[in-house]
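Notes to accompany the following structure.
Taken together, the values in this text are just the output of simple stated rules run on the coordinates, not laboratory data. Only a predicted model underlies this, so the values are computations on that prediction, with no experimental measurement involved. Here the Cβ positions follow ideal geometry from the backbone for every residue, glycine too, while neighbour counts run over all protein chains shown.
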Amino acid sequence: MDRIKSGEGMRGLLIGMGLFASLVIVANAEDITYTTHIKRIIDAQCVSCHGNNAPEHGDFKKDKEGFSKRGLGPKMDSYAHLAGYAGWPDSGALMRRLDDGKNTKDGKPGNMYHHMGGTDEERQRNLQLFKAWVGNWSLKRFPEMTKEDLAGISVKY
Ligand code: HEC
C-alpha cells in the first residue's frame, strides 16, 4: 500500500513539475514585448546604424554599398520598421542576421549577432529575448515560409 501511495505521490509531483515548467515557458514567451524588452536593446545596440538618419529599406536597396560604407543600414528604430524584418515584407531577415549560428546552414552566426552585446553572456541573453519576442525563430525567406511559419511569428508591441 505504502509503495503505491508513494508512487502516486511521485507521479503527481512529476506532473506538477512538468506543468510548472511549461507554464514558465509560456509565460516567458507571452511577456516579451517590443515596448518593455526589445526597444531598449535596439536603442542601445542598433540605432547608431539603424536609427534616425538611416534610410528606408527601399532607399537603402538603391545604394546598399554607399550607405554601408557610411556605416548605415536600413532604418529600424520603430516597431513597424523592426517588425517588417521578422514577419513581412523582409521575412526572416532579423532572425538570419541575429542568429548565433545554431540555426544557420553553415554554422556561422548572422553578421549582426556580434552587435547584440559586449560579452558572450550579454549577446546570449539578448538573443533569448529576441527569440521569445519573435516566437517562430525561422531563418526562411518569404517564398519558403508556410502560412504556419508566418502565423507563428508573434512580435508583440
Ligand atoms: C556598426 C553599424 C551597425 C550596427 C551597430 C548594427 N547594424 Fe545591422 N546593418 C548594418 C549595415 C551597414 C547593414 C547593411 C549591410 C548588410 O546587409 O550587412 C545592416 C543590416 C542589417 C539587417 C538586414 C537588413 C536587410 O536589408 O534585410 C538586419 C536585420 C540588421 N542589420 C539588424 C541589426 C540589429 C538588430 C542590430 C542591433 C543588435 C544591428 N543590426 C546593429 C550596420 C549595423
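General observations
- For LYS61, the aspartates and glutamates whose Cα falls under 15 Å of its own Cα, not counting residues fewer than eight places away in the same chain, are ASP90.
- A Förster radius of 22 Å, combined with the Cβ-Cβ distance separating ASN111 from LYS147, puts the computed FRET efficiency at roughly 0.15.
- Candidate lysines for bridging to LYS140, where Cα separation is under 18 Å - those fewer than 8 sequence places away on the same chain excluded: LYS102, LYS105, LYS108, LYS131
- Here's the list of aspartates and glutamates a cross-link from LYS156 could span, going by alpha-carbon distance under 15 Å and ignoring same-chain residues fewer than 8 apart: GLU30, ASP31.
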